[in-house]
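Notes for the one structure printed next.
Read-outs: derived from the displayed coordinates by stated rules, not from any lab. Just so it is clear, the structure is predicted and the values come from calculations on it, not from any experiment. A quick note on method: Cβ atoms are made from the backbone with ideal geometry, for glycine too, and the neighbour counts reach across all protein chains shown.
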Amino acid sequence: MTTNIENFNNLDEPDEDLIEGIFPTIPTKVSVPRREFKPWHKPRKHLIRVHQWQAEINNLVREINFDGRPLRYISLPGDDFLDVRTVYELCESNDLRLRFLGFNDTALVDSENTLADPAFNEMVSLPLVDEKSTLAPDKFENLYLAQSMASKYLDDTGPFDILNLDLCKSFSNPRQRRASALPPPTTYDAVLSLIRRQTLQRTEPWLFFLTTRCAPNDVDRDDILKFWDCIEDNMSKYHEFEEHFAQFVNGKSRDELIIPVANNNPQRQSFTNTYCVGLGKWLLQTSQSGNPKWKVIMLRSYHYQVHSPYNMLSIAFRFERITIPPYDTTGLSKLSEPNTDNHFQEVESAINLIRATSELQDADHILRVNQTLRDEMILEQGELLHKAGYSQDQYIDWLGNHGLL
Amino acid sequence: MSDSDALAESELVTKLMAGEVVDTILQTDQRVISRITDGIYRQPSSALRELVANAYDADATRVIIQTDAPRFSEIRIRDNGVGMGAEALIHVIHSIGGSTKRTQLGKTFGTTNSQNPNLSPKGRKLIGKIGIGLFSVAQLTRQFRIITKQAEESYRLVADVILYTYSDEYLEQIGSEDDGKFQAGTVQLWQVPADDIDGHGTEVVIRDILPRIREQLRSKGRWDLVQSSENDGEHKVHPPIFHVGKVDLETGETLVESAYFPWENDDSPEERFRKLVDAVLDRFEPGRLPRNPRLDLIFDNYFQTIWNLSLSIPLSYIDKHPFDVDKSDGIKILQISNSTSGQASEVNLQNNQTVRDTLNLRAPEILPNDSFSVLIDGIELFRPQPFLRMPRTTQAVPFPIMAVGEYREEFSDYAITLSGGGLEFEAYLVWTHVVAPIENRGVLIRIHDASGTLFDPNFLQYQGGEGTRSAQTTAEIFVLKGLESALNIDRESFNYAHPHFQIIAKWLHSAMRQLYNRQKMLQREYREERRQQAYHAELSDVEQKGAEILSRAYEQFGTSSSSIGFVIDGMLEDGEVEPDAIVVEIKTNTNQDPIQIQRKKFLMKILAAYSLLDLLSADDIQNLYNDIEAIFD
């Protein structure tokens, strides 16, 4: 048998598999960004940091017996970690250690994190910051899957005393729908997933701060309709709630309340209020669906103007586990019934949502009418920004340029 | 080559060709050192080891490593060391391999001790030497970020480093004839204001990890094999028992295999490492052929990386330092003789005295009030050398034997260019029934308590045979002075020709001989003792049983039947025999087992007790005994 010499010339061309994963990606020089002042550097945001976040966390801290464990805090700290710095201040004054978990997916997107890296280094170098504090290079939304890397970070560091979801966009961002595609995970998925873990792993109360845009064009139409369903369901069940709500919205109908309206339309406030009660009701309903059950209490909350009034909400919720001691309804036992305060009535929590929403404070207005408070917030915000590496003088200039002095 | 070098070389050529004898010096080319930036290490753990060593040299007391396992999209290593000022940072970048450590520059930049540049600012003996440790990250990535801060400074320095791939071809293309300098990459530096004035330390952030390294960290090869063996159904490859999980390679966002840890989620960092070591020890399967635990079967690459890192860096031992062994640990202690023909002597520890106290040992020379610890992904690292808890046996010597020694020599009779300077080391060698895991078999050499070489199972080319015993030996040599110049620049191998290395090897081989001689002696003693114990136990068993049977026979037939006595080798046994007793003569020889004789005697006694001998003459009885003996023997 002769060897066909041509076969030797017929060898396969080397394919891409051979070099796959061999060459590194071409490193790119990062640009060192200038520090620019952003809307969340305005004094009203600081009012929320101090009067809502710090105040409510302080209340919680007084209640919980930490017994040497750190305060556990989860947030989206951005590049400056202003929220973490604020919580750290509080930990310092309470002699508490802080463990934070930040979600920041920028690193995965552009490999840069040019400002966040040194800021993170500064935060974890602080004496009261717990060693398990970390920055997950993941989207918060990825918490929706128990098997995600985001969830792994959560499991490694939680459960948490505080979730601070300080969104630039909306909690209920309008979504594109394609019939064939699996919808991408949403913040609802992530929050529910986190609530589930908290429900199973915690017995102590915890706080959820949410900052979200809430203009009609920032809210998915389906979402507001579902929120409405939550409200309507409660109205059909509880006459008391129905009365309170009707009174709160001056008897307006669903269509009047959630109709998409223009920026300058006075209906804007109704939409925001309905969104706020609906969102609270969704959280309440969700927390009631499992076991053990939790109640959701809306705490001091704010709205403020981004482009137009009522566009932004900073809401605080407190989650409290419901424990009802066993009691005897037959009368066989002489033990008296447990304190009636322990008898949780969902309707009471739902009515609280209406009351708290009716008490939403206008952060812009508060600072406009209270010069002393405004000066205090400007000073403190300037100091906080200075800690994050900004110039206080430039900050004052920036405020002046934006008519905020 | 610079102009001046070229001129010098041409002069040398001229002189040489003119028949002159020329003297010159050996010189090195900077390009050699530049290659370091291309990565000279083999394992990802090397990079971590070098960065931790840098932290140690910078007087850090704590190092935190976060790896983003099992995705490994970014790795952060941060310490609370002294950090670097602008001058030191720029020097590090501009002078790879020209570390400020061990030079006067170190004093200027505050990276070394103000009195002695071989020490860290607070006086630790430095691990790093020529300043290439930082570039060990070239093993992992082509791009990394350094963030560093010194105490009392109101800023952090940030350096973004991009490394080029070294290419001789590229150098030829650009015609780098050169001043010997090779641009290894680019660096962008900037300053960030800092509010934490007291804060200090350095962080290295590694992203864009090279695909091959990421696959290695993810144990991709192993998992692929597991997968393919499942598909073809033939030679089954088992997944690692404990692993960090598998991430979906497409998205990198979800796990396709959950981690399996040997600990619970709420275990403390210390408890986690302890359970990691326990997981290895628990895998020991005793039996005729005991299965010794093997790390590569138990763990994925991630856990092996952690294990190897823990062996390499200055850390506390998981149980105790071998020199802190005391009487309560139940270990036989020997002291090694420094004479190559000497023998080890036994050390009797007094109560509450450790080996360290008794023999005045110093390693690991920790400064007063100093500490150093490392946390990786929430796991507190310890040195995984659980020699006290390795499996023991009742068959051979049932306790470990630890031989301890020290060597200190200045070699003042020799020029430093020959001797390489003074050499001091302390060492222990533990012989134990089973070294677990297998990877801890061998000798590990630490210089200033750090090592890049792991356990060498060949014991620096030990030629003394003793394969079984050397496989039952785990040893560490703590070099306190010298040997550093014998360490190759990757710190993962030694220059065997260096005099310090050769002395250590000779010392070790002598120590092994001494240990094994003593172990053999103990083994013989132990075997003899056991044999004696077994014999006495059996004899007493036979006597007890015989007495019981006899007593039953007497109960049944009464004691009136004829009694029997024995004359053994002409001597009347037990001194006294009843006057009418039958006397049986027994002649013993060396081959006869005394237990057998005892059995035969009982047999005769029982026959007598049953009155079966009554009708026989004395001679017949003697013949009967002789016949019984013939059958038994």
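Here are a few things to note about the model shown:
- Other residues lying with their Cβ under 14 Å from the Cβ of B:L624 contribute a combined charge of -3, Lys and Arg counting +1, Asp and Glu -1.
- Solvent-free Debye calculation, one equal scatterer per alpha-carbon of the protein assembly as shown: log10 I(q)/I(0) at 0.05, 0.06, 0.07 Å⁻¹ equals -0.49, -0.65, -0.81.
- Restraint check, A:K139/B:K246; B:K125/B:K275; B:K520/B:K600; B:K545/B:K587, Cα-Cα greater than 28 Å: B:K125/B:K275; B:K520/B:K600
- Within the shell defined by Cβ-Cβ distances under 14 Å, the residues around B:P364 carry a net charge of 0, with Lys and Arg each +1 and Asp and Glu each -1.
- Between B:I564, B:Y302, B:Q227, the Cα set farthest toward the positive side of the dipole of chain B (charges on each charged residue's Cβ, about the Cα centre) is that of B:Y302.
- Order of A:C91, A:C276, A:C168 under a 10 Å beta carbon neighbour criterion, fewest first: A:C168, A:C91, A:C276
- Check: the protein assembly as shown dipole with +1 on Lys, Arg Cβ and -1 on Asp, Glu Cβ, in debye: 1700 debye
- Farthest toward positive dipole pole in chain B [+1 Lys/Arg, -1 Asp/Glu at C-beta], among B:V584, B:N352, B:L487: B:L487
- About the centre of its Cα atoms, chain B shows a dipole size close to 640 debye [charges on the beta carbon of Lys, Arg (+1) and Asp, Glu (-1) only; nearest 20 debye].
- Neighbour counting of Cβ atoms within 10 Å sorts the residues A:S253, A:S358, fewest neighbours leading, into A:S253, A:S358.
- Simple Cβ-charge dipole of chain A, Lys/Arg +1 and Asp/Glu -1, about Cα centre, in debye nearest 20: 1200 debye
- Signed unit charges on C-beta, dipole axis of chain A, positive-most listed residue A:G158, A:H244, A:Q285: A:H244
- Inter-centroid distance (Cα atoms) of the stretch B:597-633 relative to the stretch A:207-242, Å: 107 Å
- DSSP-defined antiparallel bridges as percent of all bridges, the protein assembly as shown, nearest 5: 65 percent
- Over chain A: Rg over Rh, Cα atoms, Kirkwood Rh: 1.07
- Calculated FRET efficiency, B:K545 to B:F399, Cβ-Cβ distance, R0 = 25 Å: about 0.15 to the nearest 0.05.
- On Cα atoms only, tilt of B:594-609 relative to the major axis of chain B in degrees: 30 degrees
- Reciprocal of mean inverse Cα separation for the stretch A:323-395 (Kirkwood radius, Å): 17.5 Å
- Averaging the Cα positions of each part gives two centres, and for the stretch A:308-381 and the stretch B:378-425 these lie 65 Å apart.
- For chain B, the mean projected area of the C-alpha convex hull, equal to one quarter of the hull surface, is 46.8 nm².
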